[in-house]
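Data first, discussion second: the structure below is written as structure tokens.
The values are calculated or read from the model by the stated rules, or taken from the named source; none is laboratory data. From a predicted model like this one, the values you see are computed outputs, not experimental measurements. Because the Cβ atoms are built from the backbone with ideal geometry, glycine has one as well, and the counts that use them run over all protein chains shown.
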Amino acid sequence: MMDKLTPKDSFTTVTDLVLPSETNPLNNLFGGELLARMDRAASIAARRHCRRIVVTASVNHVAFNRSIPLGSVVTIEAQVSRAFKSSMEVYMDVWIEDRESGERTKANEAIYSFVAVDDTGRPVAVPPIHPETELEKSRYDAALRRKQLSLVLAGKMKAIEATELKALFE
Ligand SMILES: CC(C)(COP(=O)(O)OP(=O)(O)OC[C@H]1O[C@@H](n2cnc3c(N)ncnc32)[C@H](O)[C@@H]1OP(=O)(O)O)[C@@H](O)C(=O)NCCC(=O)NCCS
């Protein structure tokens, strides 16, 4: 029998440079390039959790808090924060490191949702996840609210049915 899966089992880290062809006119990393890098890292994390084909269902949240200059070494850390029936939320932290000291600074955060599918693209069940640390538990708890918000915005859930989300305002 498979051991209980935790967010650490899906942990994925992707490190790469920012090259001139990937920057905007201010010589900072182009937002779409970062979105694509994060999509790749997150899809690997989702796949590591469920060992199935996964597709991106939604980009729930991206905060471009800091620009990332040309030549930066960028590390994306991704892990599944919650598994639902066929969908998984993947939480990402993006870091840049100082060339001289090697010290890491958090540049961005993002949250994507993936769905596990079979060979014909139909959703299939994923294993449950068991958060361990305080951070993992808080991201797990908030994931249901984010899923409901994403479904409401996508027109796939009525706002009145988004119980967890509504509870925030009560
Ligand atoms: C994602 C996809 C498989 C969902 O299919 P669907 O017919 O909506 O299937 P369902 O309604 O059964 O939903 C499946 C799961 O996706 C979740 N989901 C669907 N849309 C979502 C959204 N916008 N945000 C978060 N979760 C979403 C559902 O809540 C459900 O989760 P659960 O099983 O864990 O409860 C389908 O829309 C798809 O294949 N989209 C294209 C994916 C793709 O090509 N991505 C790359 C973009 S170029």
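I want to confirm something. Restricting to segment 96-135 and keeping residues that are in a strand (DSSP E or B) and acidic (Asp, Glu), which single residue is nearest to the ligand (Cβ to nearest atom)?
Of everything passing the filter in segment 96-135, Glu109 is nearest to the ligand (Cβ to nearest atom).
Just checking, does segment 150-158 include any residue being in a strand (DSSP E or B), within 16 Å of the ligand (Cβ to nearest atom) and more than 16 Å from the chain's Cα centre (by Cα)?
No: zero hits.
Going by the conditions given, is Phe30 at pLDDT 95 or above, farther than 19 Å from Pro131 by Cα and away from the ligand (no atom under 16 Å from the Cβ)?
Taking the combined requirement at face value, the residue satisfies it.
Kindly establish whether Ser138 is at pLDDT 95 or above and within 8 Å of the ligand (Cβ to nearest atom).
Criteria not met by Ser138.
Out of Arg145, Arg82, I need the residue that is in contact (Cβ under 8 Å) with a residue 12 or more places away in the chain, more than 18 Å from Val18 (Cβ to Cβ) and surrounded by 20 or more Cβ atoms within 10 Å (Cβ to Cβ). Which one?
Answer to the check: Arg82.
Output the qualifying pairs, or none if there are none: Cβ atoms under 6 angstrom, residues six or more apart or on different chains, first residue in segment 151-162 and more than 21 Å from Met88 (Cβ to Cβ), second residue within 12 Å of the ligand (Cβ to nearest atom) and among the aliphatic types (A, V, I, L, M).
Filtered contacts from segment 151-162: Ala159/Val152.
State the number of residues belonging to segment 60-90 that are within 14 Å of the ligand (Cβ to nearest atom) and either at pLDDT 95 or above or outside any strand (DSSP E or B) (or both).
Looking only at that region, the number is 11.
Given (1) loosely packed, with under 15 Cβ neighbours inside 10 Å; (2) charged (D, E, K, R); (3) more than 19 Å from Arg52 (Cβ to Cβ), identify the lone condition not met by Glu136.
(1)
Please go through (1) within 16 Å of the ligand (Cβ to nearest atom); (2) closer than 21 Å to Asp141 by Cβ for Asp93 and return the number of the only condition it doesn't satisfy.
(1)
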